[in-house]
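The structure appears below as structure tokens.
What follows draws every value from the coordinates through simple rules; no lab data is involved. Owing to the predicted nature of the structure, the values given are computational and were not obtained by experimental measurement. Every residue, glycine as well, gets a Cβ built from its backbone with ideal geometry; the counts of neighbours run over all protein chains shown.
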Amino acid sequence: MKLERTGEKLLISHRGISYKFSQDRYDLLRYLLPILIMLRDLSKQRTSIEIDHILKMDDRELLEKLLNNSQKKIEIIEENMANYKEKLSLDIKEIKEDSNLLKIEKDTYIANLEIMEDYLLQRRFNKALYHVCVDEVRDIMLEREVTKIVTPFSGNYMHLLTSIKNDLKATRVSSAIKISSFRKNDIEYLLLNNPVYI
């Protein structure tokens, strides 16, 4: 397993290969790691954390810190990747059996999938890694009753906090789990509010 940036989502067909804007989860992992590190190091219950930086490191070190020697995370990612490889194989089988496509269209479609297979697999790996790490954030927040996460205001932090919020809401249904923004000393911040159980 390696971590590497891919780019936008691929649209692959018998007509060719194009790209659709959809953020590679790789771009969010550097924003996620400081949150994870702070949560892992928490020593008290019912607290909040404030993030003011992203960490600069190479992809290998970033991957090691995100996985944190967790065999469970590795197994979840490996299962996700095996399922995705099986899906790609089924896609090829369906293309071969598609009576609406000419032979040349089938051959082109399959060749396009094969050419971009490494890209597709890397993008899937990045997404699987992102989601197991967001799950870890959720689990620690629930276990330690973390009430707030404060970050700088940016699109990447908004995307990340939205993922965490949705994971929290799927686990403990509460309309009080919200994201808002606020200004302090002329700087804009985001706040994920996770009120503890009463």
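Relative to the longest principal axis of the Cα atoms of the chain, helix 155-171 runs at roughly 80 degrees. Pairs of Lys residues in the stretch 77-198 are counted when their Cα atoms are under 28 angstrom apart and they lie 8 or more places apart or on different chains; the count is 25.
Please report, largest first and rounded to whole Å, the three semi-axes of the ellipsoid equivalent to the stretch 9-193, where each semi-axis is the square root of five times an eigenvalue of the C-alpha gyration tensor. Could the numbers behind the result be given before it?
Values: eigenvalues 288, 64, 48 Å².
They are 38, 18, 16 Å, listed from largest to smallest.
Summing charges over all other residues whose Cβ lies under 14 Å from the Cβ of His159, with Lys and Arg as +1 and Asp and Glu as -1, gives +1. Computed from phi, the 3J(HN,Hα) profile of the stretch 48-57 under the Karplus parametrisation 6.51, -1.76, 1.60 (θ = phi - 60°) reads 10, 10, 10, 10, 10, 7, 10, 9, 9, 6 Hz, with x in place of Gly and Pro. Annotation for Ser89 and Lys178: the two label points, set 7 Å from Cα along the Cα-Cβ direction, are 4.9 nm apart. Note on the stretch 111-179: Kirkwood hydrodynamic radius from all Cα pairs is 13.9 Å, rounded to one decimal. Can you tell which of Arg15, Arg172, Arg30 shows the greatest fluctuation in a Gaussian network model of the chain with Cα springs below 10 Å? For the chain, modelled as a Gaussian network with Cα springs under 10 Å, the answer is Arg15.
What is the sum of charges around Gln45, taking Lys and Arg as +1, Asp and Glu as -1, for the other residues whose C-beta is under 11 Å from the C-beta of Gln45? Net local charge, Gln45 excluded: +1.
Post the alpha-carbon centroid distance, the stretch 28-44 to the stretch 94-153, in whole angstrom. First find each Cα centre; the distance between them is then 23 Å. Where only DSSP H runs of four or more residues are counted, the chain gives -18500 deg cm²/dmol as its mean residue ellipticity at 222 nm, each run worth -39500 (n - 2.57). Computed as a quarter of the hull surface, the mean projected area of the alpha carbon convex hull for the stretch 26-71 stands at 4.0 nm². Taking the average, over residues, of other Cβ atoms within 10 Å as the packing measure, peptides 32-45, 134-147 rank 134-147, 32-45 from highest down.
Here the Karplus curve 6.51 cos²θ - 1.76 cosθ + 1.60, taken at θ = phi - 60°, turns the phi angles of the stretch 104-116 into couplings of 5, 5, 4, 4, 5, 4, 5, 4, 4, 4, 5, 4, 9 Hz, with x standing for Gly and Pro. Other residues whose C-beta falls under 12 angstrom from the C-beta of Arg60 contribute a net charge of -3, scoring Lys and Arg +1 and Asp and Glu -1.
The peptide list 161-171, 182-192, put in order of mean Cβ contacts within 10 Å with the highest first, becomes 161-171, 182-192.
A cut-off of 5 Å between modelled amide H atoms, ignoring neighbours fewer than 5 places along the same chain, links Lys9 with Lys20, Ser22.
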